[in-house]
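All remarks here apply to the structure that follows.
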Amino acid sequence: MLESTFINGYAFWLLFGLALLASEFFFPGLIAAFFGIGALAVGLLTLLGVVETSAVQVILFAAFSLVALFGLRRHFKRWLQGSEEDLASADQDDAGFIGARVEVLTDFSDGFGDVLLNGAKWDAESSDALRAGEHARVVDHRGIVLKVTRQQS
């Protein structure tokens with residue numbers, strides 16, 4: 001009698017739902033969480049006395065889980081994983097450097113010098129002979145080294 005009450009009771013559904021939600025941390029795929037939502041919903045309805053028989057609980061669990069899975073998975077997946085599709089085809093200027101105006105801090109010697117961008121000192125390279133105090137434009141970057149060219153007045 002106790003075993004049948006536990007399986008039909010709200011405690012089973014609530015614990016099952018929490019276990020499914022916790023399993024998502026160990027086996028990510030964003031599927032178990034929606035079945036956990038379904039189990040929690042059935043557990044709450046059973047706790048409130050809306051659902052009593054185990055057949056109705058199983059049917060509601062399946063219905064809630066499938067509606068949550070197909071209705072919400074796309075939105076949660078985009079939110080949790082981001083919307084970037086392919087970094088190779090994406091804009092590589094993710095920092096917004098290209099086209100930025102910089103101030104030359106030191107004379108460029110052998111094509112290398114320092115520039116000021118957004119209040120920070122950056123290493124830079126240029127084929128132009130740039131002097132301290134001039135302004136230049138960023139045309140490319142390799143990691144933390146900016147490639148700059150003389151700004152046309």
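The values are calculated or read from the model by the stated rules, or taken from the named source; none is laboratory data. Everything numeric here is computed off the predicted structure, so don't read it as measured data. FYI the Cβ positions are ideal-geometry reconstructions off the backbone, even for glycines, and counts take in every protein chain you see.
General observations
- Every residue from region 132-150 that is in a loop (DSSP other than H, G, I, E, B) and within 12 Å of residue 114 (Cα to Cα): 132, 133, 134, 144
- Among the residues of region 109-129, those identified as closer than 12 Å to residue 147 by Cβ and either surrounded by fewer than 18 Cβ atoms within 10 Å (Cβ to Cβ) or of a type in the set (A, V, I, L, M, F, W, C) (or both) are 111, 112, 115, 122, 123, 124, 125, 127, 128.
- For region 43-50, the criterion of being surrounded by 11 or more Cβ atoms within 10 Å (Cβ to Cβ) and either not in a helix (DSSP H, G or I) or not assigned by TED's automatic domain parsing to the domain that holds residue 14 (or both) is satisfied by at least one residue.
- Filter result for residue 29 (at pLDDT below 90, over 30 Å from the mean Cα position of the chain (by Cα) and part of a loop (DSSP other than H, G, I, E, B)): no
- Selection within region 26-47 - within 18 Å of residue 71 (Cβ to Cβ) and among the hydroxyl-bearing types (Ser, Thr, Tyr): none
- Residue list for region 109-146, filter: at pLDDT below 85 and either on the phi > 0 side of the Ramachandran plot or in contact with a helix residue (DSSP H, G or I) (Cβ under 6 Å, 6 or more places away or on another chain) (or both): 143
- Tallying residues that are modelled with pLDDT of 90 or more, among the small types (Gly, Ala, Ser) and within 12 Å of residue 9 (Cα to Cα) within region 40-72 yields 1.
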